[in-house]
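Asker: One structure, pasted below without further comment.
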Amino acid sequence: MDHTSDKYVLTRRSLVATGLSVAAAASTGAAQAQGTPAPAADPAKPGTLNTAPVSQAGLSPRLTMHAIDNFHGTPGAGMVCDLAMHDGEGYKVLKTVTTAPSGRTTDPLLVDDAFKAGRYELVMHVEEYFAKFGVKLPSPNFLGLVPIRFRIRDAGQRYHLPVLFTPWGYSYYRGS
């Protein structure tokens, strides 16, 4: 087989580079066509994460959270959340917090003497969050308040609660 005209030979590297270039060029138009929000330069939309998360290595046991807005593709900055603990009869609110620009709370949800084994509920004010950014939603929206129930079994460990959410769904897990 003659390979003298190999000036158009595609390698994996050239395919990847070509694919990335095409994807980057197409993403703006495709994203706009799919009804995704305007770029973060729009002050009515949440901003992007511009600092790296701080390492949790070496810190005492605690409960932390991270709200991640999958609708805008940004941290869930300004999300109001209520943390409650089950007291045998129901859930008693311990505190109400608002997430920082990183989508995390400025302080742990629970730390030191407040961090105890038990049943907890974190209620996220999803409908209020999206209304604040002018997202056009049905009234009432599919999700208003999102309750997330979980247990802390060992108060000697760190617990992290990442929550990914949109106006129509959410998921969460025990992170590290």
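The values are calculated or read from the model by the stated rules, or taken from the named source; none is laboratory data. Just so it is clear, the model here is predicted, and its values are computed rather than measured. Backbone-built Cβ (ideal geometry, glycine too); neighbour counts: all protein chains shown. Heavy atoms of the whole protein, side chains included, go into the accessibility calculation; ligands, DNA and RNA do not. Shrake-Rupley method; radii C 1.70, N 1.55, O 1.52, S 1.80 Å.
Asker: Convex hull over the Cα atoms of the stretch 62-172, averaged projected area in nm²?
Answerer: 6.9 nm²
Asker: Moving on to the next point. Would you mind calculating the relative contact order of the stretch 62-172 from Cα pairs under 8 angstrom and at least 6 residues apart, reporting the percent as a whole number?
Answerer: Relative contact order here is 34 percent.
Asker: Related question: Tell me, what is the 1.4 Å probe accessible area of F142, in Å² to the nearest 10?
Answerer: Approximately 150 Å² of F142 is accessible to the 1.4 Å probe.
Asker: At R0 = 35 Å, how high is the FRET efficiency between K95 and S139 if r is their beta carbon distance? Nearest 0.05 is fine.
Answerer: So the FRET efficiency works out to roughly 0.75.
Asker: Set Lys and Arg Cβ to +1 and Asp and Glu Cβ to -1, take the dipole of the stretch 62-172 about its Cα centre, and tell me which of T98, F165, L143 lies farthest positive.
Answerer: Among T98, F165, L143, the one farthest towards the positive end of the dipole of the stretch 62-172 is F165.
Asker: Also, I was wondering about something else. Tell me, in nm to one decimal, what length is gained between R149 and R119 on full extension, where the rule is 0.36 nm per residue of separation less the Cα-Cα distance?
Answerer: Taking R149 through R119 to full extension adds about 10.1 nm, to one decimal.
Asker: Here is a further query. Are there GluC sites (Glu not before Pro) in the stretch 71-158 that DSSP marks as loop and that have at most 11 other Cβ atoms within 10 Å, and which are they?
Answerer: Filter output for the stretch 71-158: E89.
Asker: With a cap of 13 neighbouring Cβ atoms within 10 Å, and only residues DSSP puts in a loop, list the trypsin sites (Lys or Arg not before Pro) found in the stretch 73-176.
Answerer: Of the trypsin sites (Lys or Arg not before Pro), the ones in loops of the stretch 73-176 whose Cβ has at most 13 other Cβ atoms within 10 Å are K116, K136, R153, R174.
Asker: Now a separate question. If you bin every alpha carbon distance in the stretch 72-113 into 5 Å steps from zero, what whole percent lands in each bin?
Answerer: All Cα pairs considered, the percentages come to 6, 21, 22, 20, 15, 9, 5, 1.
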